[in-house]
Amino acid sequence: MSSAAVKKGVTLLGAGTQGRRLAFMWSRLGRPVYLVDQNEKQLSRAWDEIQVLRRSKENADIARSSLVELDSDRSFVFQCVPESLPLKRSVIKQMDEAAGPETIIASNSSSYTIAEILKDLDVKHRDRFVSLHSYWPPETSAIEVMGSDETKPEIITRLMEETKAHGFEPFHVRRTSTGYIYNRIWAAIKREALLALDEGIATPQEIDAIFKSVLKTPKGPCEQMDVVGLDVVLDIENHYAETRPGMIPEGPRRLLKKMVDEGKLGVKSGEGFFQYGQQK
């Protein structure tokens with residue numbers, strides 16, 4: 001890949017919570033960012049939040065559009081669409097067809113590896129795809145970089161350098177891993193918390209209180225799941241169960257499905273394990 005590509009812009013497909021925060025991170029050093037979403041209201045909300053995150057940073061260059069338009073001036077393209085494998089595969093396919101041969105294409109999926117997304121998918125340049133998973137930037141700067149067996153090694157090296165230069169703390173996932181590094185550890189914690197709830201061992205309040213008392217964290221696992229969204233947590237647990245047949249207990253998914261069916265999605269619906277009042 002040419003050194004000139006390093007100076008080019010970044011396209012982010014999906015203006016949800018992660019997309020808008022990643023747009024801020026990638027633009028903070030003056031790098032042009034192109035934020036794309038079919039939902040005009042989503043784009044407007046994203047723009048408002050980015051302005052709040054920017055504060056006095058006047059060098060951010062962010063364009064927004066409801067159309068997918070890729071050109072040779074985009075060195076990185078990221079998909080930040082919802083955790084639906086068919087949707088991610090469709091978007092990745094479109095990105096591959098539209099982007100130039102030197103464009104790095106990354107997935108921000110929290111549960112589907114780039115190898116899973118690319119499986120049996122007819123793409124032109126399989127060696128330029130990578131998983132790039134972030135958490136809650138800029139407050140949480142950790143970002144995980146994971147390729148597939150086909151990814152060019154120099155892409156991993158560049159992303160480790162580029163993400164660090166833009167304010168992230170990058171971690172290299174050295175082998176394909178469902179859940180990357182942190183989410184595998186977090187999955188065990190949330191699954192045991194859900195099992196304790198399903199078995200009637202403790203209430204959400206008690207689980208979070210003892211967790212915070214021992215580990216001195218600002219949030220317990222139940223509140224953290226509410227922030228993520230219980231529907232998203234359920235989707236991820238279902239995916240773990242698919243990739244590890246017979247190894248994942250049913251109790252956590254049963255409890256989550258009951259809550260999701262009742263409309264208790266967490267912070268975004270106003271109620272999950274805890275009450276959050278009326279959400280807009």
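Scanning region 216-232 for residues that are without any contact (Cβ under 8 Å) to a residue 12 or more places away in the chain and under 13 Å from W186 (Cβ atoms) yields T217, K219. The residue that is least open to solvent (accessible area, probe 1.4 Å), among those in region 170-195 that are without any contact (Cβ under 8 Å) to a residue 24 or more places away in the chain and more than 18 Å from the chain's Cα centre (by Cα), is A188. Count of region 239-256 residues, restricted to those that are crowded, with 16+ Cβ neighbours inside 10 Å and either farther than 21 Å from L197 by Cβ or of a type outside the set (S, T, Y) (or both), is 7. Check region 254-263 and report whether any residue there is assigned to a loop (DSSP other than H, G, I, E, B) and either at pLDDT 95 or above or over 20 Å from the mean Cα position of the chain (by Cα) (or both). Yes, there is a match, as at least one residue in region 254-263 is assigned to a loop (DSSP other than H, G, I, E, B) and either at pLDDT 95 or above or over 20 Å from the mean Cα position of the chain (by Cα) (or both). Restricting attention to region 102-127, the residues that are assigned to a helix (DSSP H, G or I) and either of a type outside the set (A, V, I, L, M, F, W, C) or out of contact with any strand residue (DSSP E or B) (no Cβ under 7 Å at 6 or more places or on another chain) (or both) add up to 4.
Of the residues making up region 264-277, those that are free of Cβ contacts under 8 Å to residues at least 12 places away in the same chain and open to solvent by less than 40 Å² (accessible area, probe 1.4 Å) number 1.
Taken as a whole, the structure places D208 among residues that are farther than 15 Å from M259 by Cβ, assigned to a helix (DSSP H, G or I) and touching a helix residue (DSSP H, G or I) at 6+ places or on another chain (Cβ under 6 Å).
Pick from D235, D226: which is open to solvent by less than 60 Å² (accessible area, probe 1.4 Å), of a type in the set (D, E) and closer than 24 Å to C80 by Cβ?
Result: D226 is the single residue among D235, D226 that is open to solvent by less than 60 Å² (accessible area, probe 1.4 Å), of a type in the set (D, E) and closer than 24 Å to C80 by Cβ.
Filtering region 128-169 to residues that are open to solvent by 40 Å² or more (accessible area, probe 1.4 Å) and part of a strand (DSSP E or B) leaves only E169.
The values are calculated or read from the model by the stated rules, or taken from the named source; none is laboratory data. Source: prediction; values computed, not measured. So basically every Cβ, Gly included, is an ideal-geometry build from the backbone, and we count neighbours across all protein chains shown. What goes into the accessible areas is simple: the full protein's heavy atoms, side chains included, and nothing from ligands, DNA or RNA. Shrake-Rupley method; radii C 1.70, N 1.55, O 1.52, S 1.80 Å.
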